[in-house]
Amino acid sequence: MVTAYDANSARLIAETVVDCVLVGDSVMMVVHGEDNTRGATPELMAKHTKEVARGGSGKFIIADMPYQSVQQGTPFAFECAQFLIEAGADAVKVEGVRGHEDAIKHLVKSGIPVMGHLGLLPQSVQSPDDYKVQAKTPADAQALREDVATLERCGVFALVLECIPAKLAAEVSAATKVPTIGIGAGAGCDGQVLVWHDLLGLNPDFKARFVRHFAQEGEDPIKGLDAYAAAVHSGDYPQPKESF
Ligand code: KIV
């Protein structure tokens, strides 16, 4: 899975073997230049989702539910998810689970596929220091195991695991029936996701441990995206040095 935010990126993704596209609220940081993802609104996420859908990638499109959309209760969450589906998303992604299990269950029962997201939750980040590996203590690791089980009961169809120890990610991936998609969570996940700008090396100033540049500036993005997909499929990416 790779993020995309516009029609042109989606057109390029159509030419690759990447499986699915995430219209992430990371758009706020990598496109709009904000410090965090919390400025994303339903309208803005729908606009980017529409652009990606218009690009005709032919891939499964997941759109991020923006900050505070599930926290405002089930009716608002449903309205927001429906808005993103009408904009062209095939599914929505929700960060976290505690406190909004009912909203997630309602979306799933209403026929809206929901992807979960655990570990580092960018919408909850308050300062740059919060971008760090999660679930490192035994208590936090146990809380994550419980959250995975809760999301499985809620009926999510897949689950992003962001910035957690590779050993824990492999353990929960083996224990749950829900396919896991890692970012900074090691090779034991069922799939991987990277942000478009990171994997194509478009922001050389951002070099997190888990980021590998599959294309250098000026190189063909289609080749870079296919190299990324091939490296994930073969197990070459991520390596232990790209994990925690
Ligand atoms: O918004 C986003 O790009 C994401 C990924 C980091 C998983 O949620």
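The values are calculated or read from the model by the stated rules, or taken from the named source; none is laboratory data. As the structure is a prediction and not an experimental result, all values here were calculated from the model. All Cβ positions, even for glycine, are placed from backbone atoms using ideal geometry, and neighbour counts span all protein chains on display. Surface areas here come from the heavy atoms of the whole protein model, side chains and all, with no ligands, DNA or RNA. Shrake-Rupley method; radii C 1.70, N 1.55, O 1.52, S 1.80 Å.
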(request) Report yes if residue 142 is open to solvent by 50 Å² or more (accessible area, probe 1.4 Å), part of a helix (DSSP H, G or I) and either at negative phi or more than 16 Å from the ligand (Cβ to nearest atom) (or both), otherwise no. (result) yes
(request) Could you please find all residues in segment 177-198 being open to solvent by 30 Å² or more (accessible area, probe 1.4 Å), out of contact with any Pro (no Cβ under 7 Å at 6 or more places or on another chain) and more than 11 Å from the ligand (Cβ to nearest atom)? (result) 177, 179, 188
(message) For segment 74-90, which positions are part of a helix (DSSP H, G or I) and either open to solvent by less than 10 Å² (accessible area, probe 1.4 Å) or of a type in the set (Lys, Arg) (or both)?
(response) 77, 80, 81, 84
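Rundown of residues vs (1) closer than 24 Å to residue 29 by Cα; (2) of a type outside the set (S, T, N, Q), yes/no style:
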residue	(1), (2)
72	yes, no
78	no, yes
112	no, yes
129	yes, yes
137	no, no
144	no, yes
147	no, yes
167	no, yes
(message) I'd like the residue in segment 199-244 that is among the charged types (D, E, K, R) and within 23 Å of residue 133 (Cβ to Cβ) and, out of all such residues, is surrounded by the fewest Cβ atoms within 10 Å (Cβ to Cβ).
(response) 205
(message) Looking at (1) farther than 20 Å from residue 200 by Cβ; (2) assigned to a helix (DSSP H, G or I); (3) polar (S, T, N, Q), which one does residue 71 not meet, given that it meets all the others?
(response) (2)
(message) Please verify whether residue 111 is under 21 Å from residue 47 (Cα atoms), out of contact with any Gly (no Cβ under 9 Å at 6 or more places or on another chain), open to solvent by 10 Å² or more (accessible area, probe 1.4 Å) and not hydrophobic (A, V, I, L, M, F, W, C), treating the condition exactly as stated.
(response) no
(request) Report whether or not residue 136 is touching a Pro at 6+ places or on another chain (Cβ under 7 Å) and open to solvent by 80 Å² or more (accessible area, probe 1.4 Å). (result) yes
(request) All but one of (1) more than 24 Å from residue 99 (Cα to Cα); (2) within 16 Å of the ligand (Cβ to nearest atom); (3) part of a helix (DSSP H, G or I) hold for residue 174, so report the exception by its number. (result) (2)
(message) Can you tell me which residue is farthest from the ligand (Cβ to nearest atom) among those in segment 20-45 that are surrounded by 15 or more Cβ atoms within 10 Å (Cβ to Cβ) and in a helix (DSSP H, G or I)?
(response) 42
(request) Working only within segment 91-108, note down all residues that are open to solvent by 10 Å² or more (accessible area, probe 1.4 Å) and within 16 Å of the ligand (Cβ to nearest atom). (result) 95
